[in-house]
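Have a look at the structure below before the remarks.
The values are calculated or read from the model by the stated rules, or taken from the named source; none is laboratory data. Bear in mind the structure is a predicted one, so any value in this text is a computation, not a measurement. So basically every Cβ, Gly included, is an ideal-geometry build from the backbone, and we count neighbours across all protein chains shown.
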Amino acid sequence: MPQYRAPARKLVIPFELISFDTRVRMLDEGRLRVLRRFMDGMDEALADWRSFGLAVAAYGEEGSVIDLEETDAERARRMHTDGWRSLELTDDDALELSRDLEELVARHTGRTGPKTYLCHAGVAPDPVFRSRSATDRWS
């Protein structure tokens, strides 16, 4: 691996100067590593929880949706959550949701509890050009 010297401790490269393939490769590597850890932790939490069922229902013409089926009391005691949603928002709504998520995570950052939890929070526009998701049927 090449080694470089820089006059500062941090090198900032304008995003638009990094080729699409290079930035996707760089960002996906870190995203997928943490996402795999998140999914492993979620799988373990679900296996330990055992206080719910899986509800399977039709979605659209060819799809299906799988969701947790649990009581309000069970949901109130659950220390893990995972959910992906497609929301129809204005740009202002998306900005507000993005800031709300950042503020919520910031409020919990820096705490020193005895257990480590992985947190995933994000808002992104539905892509116009689907590179990784080109063959996905989920809309």
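The table for this structure:
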item	result
Those residues of the range 67-83 which are loosely packed, with under 10 Cβ neighbours inside 10 Å and not charged (D, E, K, R), in sequence order	Ala73, Ala76, Met79, Gly83
Close pairs from the range 125-139: first closer than 21 Å to Gly60 by Cα and modelled with pLDDT under 80, partner surrounded by 10 or more Cβ atoms within 10 Å (Cβ to Cβ) and of a type in the set (Phe, Trp, Tyr), Cβ under 9 Å, at least 6 apart	Trp138/Tyr59
Enumeration of residues in the range 89-128 that are basic (Lys, Arg), over 23 Å from Arg36 (Cβ atoms) and in a loop (DSSP other than H, G, I, E, B)	Arg111
Hits in the range 33-61 - residues which are exposed (fewer than 11 other Cβ atoms within 10 Å of the Cβ), of a type in the set (A, V, I, L, M, F, W, C) and part of a helix (DSSP H, G or I)	Ala47
Unique residue being surrounded by fewer than 10 Cβ atoms within 10 Å (Cβ to Cβ) and in a loop (DSSP other than H, G, I, E, B) when the list is Ser64, Ser86	Ser86
Output for the range 96-118, where each listed residue is over 24 Å from Ala45 (Cα atoms) and either among the aliphatic types (A, V, I, L, M) or touching a strand residue (DSSP E or B) at 6+ places or on another chain (Cβ under 8 Å) (or both)	Leu97
Of residues in the range 11-32 being hydrophobic (A, V, I, L, M, F, W, C) and part of a helix (DSSP H, G or I), the one surrounded by the most Cβ atoms within 10 Å (Cβ to Cβ)	Val24
